[in-house]
1. Quote the convex hull volume per residue of segment 55-99, based on C-alpha atoms, as a whole number of Å³.
2. Heads up, I need the accessible area for Tyr267: 1.4 angstrom probe, whole protein in place, Å², nearest 10.
3. According to the Kirkwood expression over distinct Cα-Cα pairs, how big is the hydrodynamic radius of segment 14-141, in Å?
4. For Phe31 and Glu17 in one chain, what is 0.36 nm times their gap in residues minus the Cα-Cα distance, to one decimal in nm?
5. Efficiency by 1/(1 + (r/R0)^6): what FRET value for Asp246 and Ile301, r their Cβ-Cβ distance, R0 = 30 Å, to the nearest 0.05?
6. Please enumerate, by chain and number, the aspartates and glutamates with C-alpha under 19 Å from the C-alpha of Lys322, excluding those fewer than 8 residues away in the same chain.
7. Once you've got the GNM for the chain with C-alpha springs shorter than 10 Å, pick whichever of Arg130, Arg155, Arg167 has the biggest mean-square fluctuation.
8. Could you tell me what percent of the accessible area of the chain is made up of carbon and sulfur, with a 1.4 Å probe and every protein chain present?
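The values are calculated or read from the model by the stated rules, or taken from the named source; none is laboratory data. Source: prediction; values computed, not measured. Counting neighbours? That spans all protein chains shown, and the Cβs are built from the backbone with ideal geometry, glycine included. Ligands, DNA and RNA are excluded from the accessible area calculation, which covers all protein heavy atoms including side chains. Shrake-Rupley method; radii C 1.70, N 1.55, O 1.52, S 1.80 Å.
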Amino acid sequence: MPRHQRYWVGLDAGHLETAVCLVDAEGHVFFEAMTETRAAPIRDILRRFGVEPVQSITIEAGVGTQMVRDLCSFGFPVQVVDVRKSSKFLAIRRQKTDANDAKGLAELGRLAQSFGPHVFIKPVEHQDIRIMINIRRNLLKHRARTDALLQSIFRLHGASIKLLNGRGSLAAEVANQLRLLSANGVTIRVDLDPLVRMGEYLRSQIWDMDRKMRTMAASIPVCARFQTIPGVGTITALSFYSAVGDPYRFRSNRDVGPYLGLTPNLYQSGATARRGRISRYGNKLTRSHLITAATVLLRTIKTESSLRTWGLRLATKIGFLKARVAVARKLAVIMMAMWKTGASFDPDKSKRRLLHPEQAGLDPVRISGTKIPL
């Protein structure tokens, strides 16, 4: 291949190794290799054929996030594609191998340059927030399992414990219930100390993490403004902030609704056109946080606002479950506007335009009712 001829690169990244494929303008493969999943070896490979002729480096979202950041810092045109979309293109090949996937990604970058929106690589700060939110989520799950096991043990012996969240509350409650059972002549012969210690440790860790996240949210001006919205707490503010990353990558504030999967799918074929359930694309956890915040706004918060009034009126027409999804989508749009303008939430500001239920994502939808801390 002439040194200055244009070419496209496909990377199939694994945890340890990455398949590299280079194709020319006609789609002919002129180089294939396996290398480490690091940016430096890939840069050295591309230097052999010239760095400037590289038209695009295509990689699937997932394993190679740090490698993508490093390649971008080297000045390479990297595009990260959604696995759900690229998998359909790669499925054309009968044999799925790392080399074939790398070749398919290179061809995807060459043929489908307008292949929908590329995956946004979050800044490290936002990625760290996502990690904290997911760690907290897993701690909550483990605490719930531990509490459920303790509760079931006491119920088998005719007692029940109050599951409080404060430090030392679980140990005090278990000790009190054991004394009551002993007074009634009932003895639990199983040692419950490991479960109690685990529950107390999880409570302590969650408490410390909540404190750190409150401090973090207060130190980020936009997250502090988000919390002026009734129903939006620390977790929802940080979750939305870290999921969006850069608000200016959305041309319209309304685009954040489809990005987070809060708008219905549209199916059209010939004379058939129907709207389905919400797409559920994007980050599932942030979508759940927004829906929980909308639930709190409609059911718990008593402070009146145009958003709450609109949501309650909608709930009387189409049902609460559908209305809270619409309010969650509207919350996302409002938060996006606040982010860009630097304004705080104005409860008295009237909505310029009330959306038709179908536009608001109110077609039949079932959302999990699992409680997620705000």
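1. 86 Å³
2. Here the accessible area works out near 110 Å².
3. So the Kirkwood estimate lands at 15.8 Å.
4. Gain on stretching Phe31 to Glu17: 3.4 nm.
5. 0.50
6. In chain and number order, the partners are Glu358, Asp363.
7. Looking only at Arg130, Arg155, Arg167, the biggest GNM fluctuation is shown by Arg155.
8. 52 percent
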